[in-house]
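Enquirer: Sharing a structure, written as C-alpha cells. Questions coming.
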Amino acid sequence: MKRIVAMMMSIILCLSLSGCLGGGIDEQASKQPPGFEPLNEIANGREDIYLIVKNLDSSYWKVMIDGAKDGGNAFGCNIYVSGTYVETDWEGQERLIDAAVEAGADAILLAPDDSVALSEKIDETYNKGIPIVLLDTMANTDSYDICYMTDNLMAGEQAAEEMIAQLRKSGVADSDSIQVGLQLGAAESQTISERLAGFFKYWSSNAPKSWEIIPDIKCNDGILEKAVECAEEMLDYPNLRGVFGTNNSSTKGFAQVVREHERKDIVVVGFDYSDEIAALIADSEYKAATILQKQYYMSYTGIETALKLIDGETIPVKFADMGVIVVNSDTINQAEVQEALMHN
C-alpha cells in the first residue's frame, strides 16, 4: 500500500510541476480550430449531429471520425465535424460547442479536451435540451446522456500486465535493477489519469521491487513532435528498459525513437494503433505491444444513440465500456485483432 501511495503522489507532482518543456514546438499548439465541415452528403429534413474531437491531425481521432461518417450514412443523418489540434485546447472546444448550438445542432458528440474545465459549458448546453453524447473521455458533470469509452482504469492495468510480461520475455530478470519511463498526452484528461492509476495499481502489486518507474513523467499535449522530443529525453536514463505511452501521440513518439536509435533492449507498450507501433510489433527483434481501443465503434454507436435521444428515448446508464484488445506479436494474427484493425 505504501508503494502505490508513493507512486500516485509522484504522478500528482509530475503532472502539476513537470512534463516535456523543451523544444518550443508551438506551431500546432497555436492553430485555431477550423469551422465545422460536413462528413457526409447533407440532405434537407434530416437531423444534424455535430462531432467535436480532440486532435484533428491524430490517426486515433481520424478513425473516430470515420466511425461517425459511417454511422451518419447508415442511420440517415447529417454529420458535421471539427475539433482542436492540441488535446489541451478546451477553450477551442468551448467555442466549437457554441458554434454547434448556434448552427442548430440536434445533438452533439464530444470528446472533451479537459474533463473539468469544459463541465460548465457542457452543463449550459445540455440544459438547453440538446442531447450530448461523450466519446472517449468523461466530463466532471452529469449533464450528458451517455459516454462511450474505454474502461481506462482496467485498460491501464492491462498495460502494466503487458509491460511486465514483455520485459520478462525480453530477458529482464526479476532481480535486475531497471527503469520504466512514462509519457502522456494531456495531464488534464480524466482518461489519462485513470490509465495511469490503473497502471500503477497493477504495477505496485505485481512488478519486482527492483523495477523502478521513473518519477519524471513526460507530457506532450498530444503533439507528435513533442512526444518524440520527450522520448529522446527518456533515453538519457541509463537503466531504461521499458516505456509506456498512455495515448496515441505518446506511443508513436516512443516507437519512433526506439526504432531510430535501434534500442532493441527497450520494451514499448502503448495505446492505439499506428504505423510506428505496428512496425515494432512486426519486427521480431523488438518487444512491443499496444492496447487497441474501439474508437470507431464509440462514434458509430454514438450516432445511433444520438438519433434515439433526439426522438425522445432515454438512456438508463451513463457509461458504456467498448472494450480493448491487447495487440502484440502473439495476438496480431488472431481473428478478433484483425477485425478490429480493419477500422484503424
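Enquirer: Do we have Glu94 as among the acidic types (Asp, Glu) and more than 23 Å from Thr301 (Cβ to Cβ) here?
Expert: The answer is yes for Glu94.
Enquirer: Sort out which residues of segment 209-252 are in a loop (DSSP other than H, G, I, E, B), closer than 18 Å to Ala197 by Cα and of a type in the set (A, V, I, L, M), and write them in order of number.
Expert: Once the filter is applied, which keeps residues that are in a loop (DSSP other than H, G, I, E, B), closer than 18 Å to Ala197 by Cα and of a type in the set (A, V, I, L, M), segment 209-252 yields Ile214, Ile217.
For every residue, the table says whether it meets (1) touching an Asp or Glu at 6+ places or on another chain (Cβ under 6 Å); (2) among the polar types (S, T, N, Q); (3) closer than 19 Å to Met154 by Cβ.
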| site | (1), (2), (3) |
| --- | --- |
| Glu188 | yes, no, no |
| Thr191 | no, yes, yes |
| Glu194 | no, no, yes |
| Phe200 | no, no, yes |
| Ser210 | no, yes, no |
| Ile217 | no, no, no |
| Asn220 | no, yes, no |
| Ile223 | no, no, no |
| Met234 | no, no, no |
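Enquirer: Can you list the strands (runs of 3 or more DSSP E) lying wholly within segment 107-207 that have 3 or more residues being closer than 21 Å to Gly71 by Cβ?
Expert: Strands (runs of 3 or more DSSP E) meeting the threshold: 107-110, 132-135, 146-149.
Enquirer: Filter segment 192-210 down to the residues that are hydrophobic (A, V, I, L, M, F, W, C) and surrounded by fewer than 23 Cβ atoms within 10 Å (Cβ to Cβ), then identify the one that is nearest to Ala139 (Cα to Cα).
Expert: Selected residue: Ala197.
Enquirer: Being within 26 Å of Lys54 (Cα to Cα) and at pLDDT 95 or above is true for just one of Thr290, Thr331. Which residue is that?
Expert: So the residue among Thr290, Thr331 that is within 26 Å of Lys54 (Cα to Cα) and at pLDDT 95 or above is Thr290.
Enquirer: Among the residues of segment 26-85 satisfying the criterion of being assigned to a strand (DSSP E or B) and β-branched (Val, Ile, Thr), which is farthest from Leu110 (Cα to Cα)?
Expert: Ile79
Enquirer: Filter segment 244-286 down to residues that are in contact with a Leu (Cβ under 8 Å, 6 or more places away or on another chain) and basic (Lys, Arg) and give me whichever is surrounded by the most Cβ atoms within 10 Å (Cβ to Cβ).
Expert: Ranking the candidates gives Lys252 first.
The values are calculated or read from the model by the stated rules, or taken from the named source; none is laboratory data. All values derive from a computational prediction rather than experimental measurement. All Cβ positions, even for glycine, are placed from backbone atoms using ideal geometry, and neighbour counts span all protein chains on display.
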